[in-house]
Amino acid sequence: MVFHSTTLSRPRPVVVIMTDRVELDGHAAHVGFHGYVRAVSEVAQALPLLLPAAVDAIDAESLIAGIDGVLLTGSPSNVAAERYGASPLPATTRLDADRDATVLALIPKLIASGVPVLGICRGFQELNVAFGGSLHPAVHEQPSRLDHREGDHSRPIQRWYDDSHELHVVPGGRLAQLAGAGRVSVNSLHHQCVDRLGKGLRIEATAPDGLIEAFSVEGAENATLAVQWHPEMRIDDCALSRAIFADFGMACRKRQSERLRLPYRANLRDSEL
């Protein structure tokens, strides 16, 4: 019997996308928005898989051994104030204790293992809390701050993600490399904000009112970036949004090359994946 060799295409890096724990038709469910799936697949050129918000179901060692990146998503829920030593949030605040427990236990292990992490909105806040930082529960109540909430809910969903304010990008940082020259504007859909920045985090950008809008992890073995806005909803018309996910994808391919001992190629065409 003769076997003919074939050339196998290179596998895409595996990126897990954090979900929210919700109730759906009376059942506990894990939910992730499609915008994140699309951005990971189309721009980062990675294989998106949803990660359940179930701390007892996840073995960190097994997870880390099989993935190349983690996307910590935004969410309608807030990080519980008890997680950063503050008074409980109002009873009307949407919380997700399962997600808090899952993510905050995972973050130190992901960073220590060199897994690339991209944090968006709630994910940005989770990273700050995991590094010992704190949050303010209502940025719009702070004197001299802009109102960073999403505004009129009667608008079509896509309009919620229109640009809301400019950024001051800190020179010499990771985000500055992605943003290039010129003015940068972003959307804004958050109620919580960074109060005290976590230890070992480097500010990458601020809003016009001085609010921290992006940071990276100093000394992280692989790319870790967190942003307060939502680039996943602007990949069709915003160069910075695409650059953030493309950079994340390159970091994930680097991780994959190390994990599977494959030759590292930073940029791949779809036909080469």
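Data overview
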| item | result |
| --- | --- |
| Check on A28, at pLDDT 95 or above and more than 25 Å from A243 (Cα to Cα) | yes |
| Candidate set: region 156-186, residues that are over 14 Å from A214 (Cβ atoms) and in contact with a strand residue (DSSP E or B) (Cβ under 8 Å, 6 or more places away or on another chain); chosen: the one modelled with the lowest pLDDT | R183 |
| Residue within region 46-55 that is under 22 Å from D236 (Cβ atoms), crowded, with 23+ Cβ neighbours inside 10 Å and over 14 Å from the mean Cα position of the chain (by Cα) present | yes |
| Single condition I58 does not satisfy, out of (1) within 28 Å of A243 (Cα to Cα); (2) surrounded by fewer than 18 Cβ atoms within 10 Å (Cβ to Cβ); (3) touching a helix residue (DSSP H, G or I) at 6+ places or on another chain (Cβ under 8 Å) | (1) |
| Residue match in region 31-46 (condition: over 19 Å from I244 (Cα atoms), touching a strand residue (DSSP E or B) at 6+ places or on another chain (Cβ under 9 Å) and in a loop (DSSP other than H, G, I, E, B)) | yes |
| Qualifying residue in region 253-272 (condition: part of a loop (DSSP other than H, G, I, E, B), modelled with pLDDT of 90 or more and not aromatic (F, W, Y)) | no |
| Members of region 113-127 found to be under 16 Å from S216 (Cβ atoms) and over 12 Å from the mean Cα position of the chain (by Cα), listed by number | G114, V115 |
| Filtered residues of region 23-41 (kept if farther than 15 Å from Q158 by Cβ and touching a residue at least 60 places away in the same chain (Cβ under 8 Å)) | Y36, V40 |
| Checklist (1) out of contact with any Gly (no Cβ under 7 Å at 6 or more places or on another chain); (2) on the phi < 0 side of the Ramachandran plot applied to G26, failing item | (2) |
| Where D209 falls short, out of the listed (1) in contact (Cβ under 8 Å) with a residue 12 or more places away in the chain; (2) among the charged types (D, E, K, R); (3) within 23 Å of V43 (Cα to Cα) | (3) |
| Residue count for region 74-99, restricted to those that are crowded, with 22+ Cβ neighbours inside 10 Å and of a type outside the set (S, T, N, Q) | 3 |
| Filtered residue count, region 128-142, keeping only those that are outside any helix (DSSP H, G or I) and of a type in the set (A, V, I, L, M, F, W, C) | 3 |
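Conditions (1) part of a loop (DSSP other than H, G, I, E, B); (2) in contact with a strand residue (DSSP E or B) (Cβ under 8 Å, 6 or more places away or on another chain), marked per residue:
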{"site": "A91", "(1), (2)": "yes, no"}
{"site": "D98", "(1), (2)": "no, yes"}
{"site": "P108", "(1), (2)": "no, no"}
{"site": "E126", "(1), (2)": "no, yes"}
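The values are calculated or read from the model by the stated rules, or taken from the named source; none is laboratory data. Bear in mind that the values here come from a model prediction, so they are computed numbers and not experimental data. Neighbour counts run over all protein chains shown; Cβ positions are idealised from the backbone, glycine included.
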